[in-house]
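*Asks:* Below is one structure. I have some questions about it.
Read-outs throughout are calculated quantities, based only on the coordinates presented, and are distinct from any laboratory measurement. The model shown is predicted, which means the values in this text are computed figures rather than measured ones. Here the Cβ is made from the backbone with ideal geometry for all residues, glycine too, and neighbour counts use every protein chain on show.
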Amino acid sequence: MRRRGRGSAPRIGAVVAALGAACLALAPPAARTAGSAGGPGAGGGAPAVDRMLRPLIEARAATARLILDRSDPFGGPPERTTGRLWYQPGRGLRVRFDGSGGEELVADHVHGAFSLYRPSERTVYRAPWERAPARLRRLIEEPSRILESDLRARPERLVFLGTARDGLRLREASLGDSTGARSLWIGPDSRSGLLRWICIAAPEDTVWFELRNLALHRTASDRDIALSAPRGTPVEPMDPREMLPGGDRR
C-alpha cells in the first residue's frame, strides 16, 4: 500500500487505532479478564457505561456523523476530519470521510474482508478478515463482551475546545506495542444518554471522536457496510499494520 502524509493513512490509522484502543479497554482478551478483582462489570461507573453502550451493542445497526479531532503535537489547533460511520454488531463497520479524498474503510465480517478505498488513487486495498487488526475484529465479532468487562470506570469532567463535558474515565489500555498506553474516556449525549464522545489519549497525540446524531436501527442492510468503490476498481493487497502507528501484530 502506498504511503501518504498525515492526511491519509495516518487519518485512517487514527480511527483504527482509537477504535482498537477502546475495544481493548472495554472488551479485552479473556486472559485479561479472567480472575479480575470484583468480577465482570466491577468498579464505579459501570451502570452508567451500561446505559451508554447497551442500546448500541444490542441494536441491529447504528449510524452517526463522525467528527474526529486530532491534537497537533506542535501546539496548534486540532486537525478536524468529518465523515460518516455505520456499525453493525456482529457484521461489520464502515467509515467514510468527507472531502475531496473521500477515503473509505470497511471491516466486513460477513464477507471476510478488510478494505480501504482511496478514490484519489482509484484503488481498493484489501486484506483477508483474519489480517485485520485483532482489536477491531473483537469490536465487531464480540461486542457483548464490552458489558462483561471490569471497566473500573470513574466520573471525570474533561474540557474540549472550551466546553466542559461530564463522562467516565475507564482503565488504561496498554496496547502492548510501540504506541504504549492509551487512556480512554467516554461521555454521553446530554439528551439521549447514548454514547457521543470518545477521547483516546496517548503519549504522541489525543484523538476526540464525536458520534453526532447517533441513530439505532432495528434492521441491518448489507449495503450500509459495502464499499462504495465503482465496479471494476483495481484491487491490490495491503498489510493493515501499515495503517497503525508502530504497527499492530495482534
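*Asks:* Tell me, in nm to one decimal, what length is gained between residue 58 and residue 164 on full extension, where the rule is 0.36 nm per residue of separation less the Cα-Cα distance?
*Replies:* Working: separation 106, 0.36 × 106 = 38.16 nm, distance 2.94 nm.
Using 0.36 nm per residue and subtracting the Cα-Cα distance, I get 35.2 nm.
*Asks:* Let me ask you something else. Using every alpha carbon pair in the stretch 202-245, what percent of pairs falls into each 5 Å bin from 0 up to the bin containing the largest distance?
*Replies:* Calculated P(r), rounded to whole percents: 5, 10, 11, 16, 18, 16, 20, 5, 0.
*Asks:* What is the extension gain from residue 144 to residue 84, computed as 0.36 nm multiplied by their sequence separation minus the C-alpha to C-alpha distance, in nm to one decimal?
*Replies:* Length difference between fully extended and current span is 19.3 nm.
*Asks:* Assuming 0.36 nm per residue, please report the length gained on full extension of the stretch residue 226 to residue 157 beyond their Cα-Cα distance. All intermediate terms of the calculation are to be shown ahead of the outcome.
*Replies:* Numbers: separation 69, 0.36 × 69 = 24.84 nm, distance 3.74 nm.
So the chain would gain 21.1 nm between residue 226 and residue 157.
*Asks:* Looking at the stretch 104-175, which trypsin sites (Lys or Arg not before Pro) are in a loop (DSSP not H, G, I, E or B) and have at most 16 other Cβ atoms within 10 Å?
*Replies:* On the way: sites: 122, 126, 131, 135, 137, 138, 145, 152, 157, 165, 169, 171; in loops: 122, 152.
Counting only loop positions with at most 16 other Cβ atoms within 10 Å, the trypsin sites (Lys or Arg not before Pro) in the stretch 104-175 are 122.
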